Structure formats: C-alpha cells, structure tokens
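To keep things clear, I will list the structure first and then write my remarks on it.
The values are calculated or read from the model by the stated rules, or taken from the named source; none is laboratory data. This is a predicted model, so every value here is computed, not measured. We place every Cβ from the backbone using ideal geometry, glycine too, and count neighbours over all the protein chains shown. To get the accessible areas, we keep the full protein, side chains included, count just its heavy atoms, and leave off ligands, DNA and RNA. Shrake-Rupley method; radii C 1.70, N 1.55, O 1.52, S 1.80 Å.
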Amino acid sequence: LAPARAPHHPARASRPSTMGLIVKSEINNTLYLILSFIAVFSIPVISFVKKQMAQLGNGPKVVVGTGYGGKDGSYTAADVAKHKTEDDLWLIIDGNVYDVTEYVDEHPGGVASIMKNAGGDATKGFHGPQHPSRVMDIVDEYKIGTLVTRETSKDE
C-alpha cells in the first residue's frame, strides 16, 4: 500500500507564504538599528567614561597632547599669547601654563567663559566661586610647563 497523501489544494500551492519573509525583514531591520545605535554612541560614551575615571584617579590617565601631566616646559607670556583660539588654547594659572585645547568644548561654563582669558593669565577667574574644589585635579592633566619672565632664563 502506498502511504496516504495530503489532499492537494491548488489555491494554496499557487500563493507562496510571505509571513516568514516579513518576520525576517522586521528582525533584520531591528537588528540593523540596534547595531547602528551601538556603533554611533559607544565611542563617545567610552571616551567620556574614560576621562571621568581618570579625573577620579581610579582609571588610566588620559594623555592629552604632547605636554601631558606636568611636563616641565618653560614659556613666556608672549609664548602663551600665541595660543588664543578655540582650536589652540593655552592659559596661565598660578604661574603654570596649561594647554586646555582638548577641554574647551567640555568646559561647564561654556566656550565663551573659558575664552575670556585665552592666551593669558586666568588665575583670578580660575579661583572664582564658580569652580568646585576638584577643578585643580582636572586642570593638572593639561599642564605643559611654567611661566618664566624675560629676565629668567628658559633653561632654569
């Protein structure tokens, strides 16, 4: 005896099922959106967390340019004055020179606030009541040297 066969339904056979294709398409679109979101937002988030951890002292220090972490360069006020744009910003604070170019966009007071003393002495504004006590720890990351006068030799 031959095995029993299912009845033949010509209407069903002529229409392929599209339900499986629709579900796969929706899953692919959702997966694409999730992966795109992760790709776009993960790098800035990781960078931000890394900087925050470095500021707390619990993570690796973030290297910010060539003069990172208290480099012992010597600069005159004229040297510092050459760096007064948002793309190249140095400040003098308490006789130390800081390259804060990387910090300009992150400054909580805004770009205009940090640009007031661009290329000059920001000591008075830096020690104002608007800055929390931990601000000195943050700015130390950007120290590139000390201020010298023309009478003082740059070699000292």
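Please list, ordered by first then second residue, the pairs with beta carbon atoms under 7 Å, 6 or more apart or interchain, first in region 111-125 and open to solvent by 80 Å² or more (accessible area, probe 1.4 Å), second of a type outside the set (G, A, S).
From residues that are open to solvent by 80 Å² or more (accessible area, probe 1.4 Å), the pairs are D121/I92.
If we keep just the residues of region 138-152 that are open to solvent by 50 Å² or more (accessible area, probe 1.4 Å) and assigned to a loop (DSSP other than H, G, I, E, B), which is modelled with the lowest pLDDT?
The first filter runs over region 138-152 and keeps only residues open to solvent by 50 Å² or more (accessible area, probe 1.4 Å), leaving 140, 147, 149-152.
Subsequent filtering for residues that are assigned to a loop (DSSP other than H, G, I, E, B) retains 149-152.
Working: T149: 81, R150: 67, E151: 55, T152: 52.
The extreme case among them is T152.
One residue is enough: does region 118-137 have a residue meeting the conditions under 27 Å from V45 (Cβ atoms), modelled with pLDDT under 85, hydrophobic (A, V, I, L, M, F, W, C) and in a helix (DSSP H, G or I)?
Scanning region 118-137 turns up at least one residue that is under 27 Å from V45 (Cβ atoms), modelled with pLDDT under 85, hydrophobic (A, V, I, L, M, F, W, C) and in a helix (DSSP H, G or I).
Step by step: first the residues of region 43-83, then only those that are closer than 18 Å to E106 by Cα and among the polar types (S, T, N, Q), then the one that is modelled with the highest pLDDT. Which residue is that?
If we take residues in region 43-83 being closer than 18 Å to E106 by Cα and among the polar types (S, T, N, Q), then S47 is modelled with the highest pLDDT.
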